[in-house]
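To start, the structure under review is shown below, and the notes come after it.
Just so you know, all these numbers are worked out from the coordinates, no wet-lab data involved. Fair warning: this is a prediction, and the values are worked out from it, not measured in the lab. A quick note on method: Cβ atoms are made from the backbone with ideal geometry, for glycine too, and the neighbour counts reach across all protein chains shown.
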Amino acid sequence: MARKVIEEAKFPMLASMDDDQPRLRPVSPVRVDGYTVYVANIRSYHKTGEIAANPKVELCYLAPNHDQLRITGVARELGQEDKALIDEIWEENPLLRQYLGMSDNPELIIYRIVPHRVRFMREWALNYHDVPVPIGE
């Protein structure tokens, strides 16, 4: 049921911290592997500094039937050692190619959000259930 929320919701909200102020915005994941979510970003966006200062983030998915999934984790920027993965993601995402021109565009950041905790709630059930996160995710 938890993975179905990811499939159905598609566009989660990403929460980060801006000093002592929480910030929330919708994002469009460029890849999802289990509960590990990859999100593209533009270096000049404000959230880049927020995540650099505090990489602890949370994604919240809301399915059309109101089931919720919250992924609490740490956002890490993919680097040169991840070039093959960046190229795969690049080839899978025509919008990245359309707007950024090349996979080594210095404005492109891809974050890997590694989950520490995953929680699921049925529509208005009023309590969350922890979802086991496989080791290595």
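Listing for the model above:
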item: Meets criteria (acidic (D, E), within 27 Å of W124 (Cβ to Cβ) and surrounded by 14 or more Cβ atoms within 10 Å (Cβ to Cβ)) for E50; result: no
item: Residues within segment 101-137 that are without any contact (Cβ under 8 Å) to a residue 12 or more places away in the chain, under 19 Å from I86 (Cα atoms) and either surrounded by 14 or more Cβ atoms within 10 Å (Cβ to Cβ) or not small (G, A, S) (or both), tallied; result: 3
item: Cβ-Cβ under 7 Å pairs, at least 6 apart or on other chains, segment 40-60 side closer than 19 Å to P115 by Cα, far side surrounded by 13 or more Cβ atoms within 10 Å (Cβ to Cβ) and among the acidic types (D, E); result: E50/D18
item: All strands (runs of 3 or more DSSP E) inside segment 2-73 with 1 or more residues being touching a Phe, Trp or Tyr at 6+ places or on another chain (Cβ under 6 Å); result: 21-26, 29-33, 36-42
item: Residue in segment 80-100 that is surrounded by 12 or more Cβ atoms within 10 Å (Cβ to Cβ), in contact with a helix residue (DSSP H, G or I) (Cβ under 8 Å, 6 or more places away or on another chain) and not in a helix (DSSP H, G or I) present; result: no
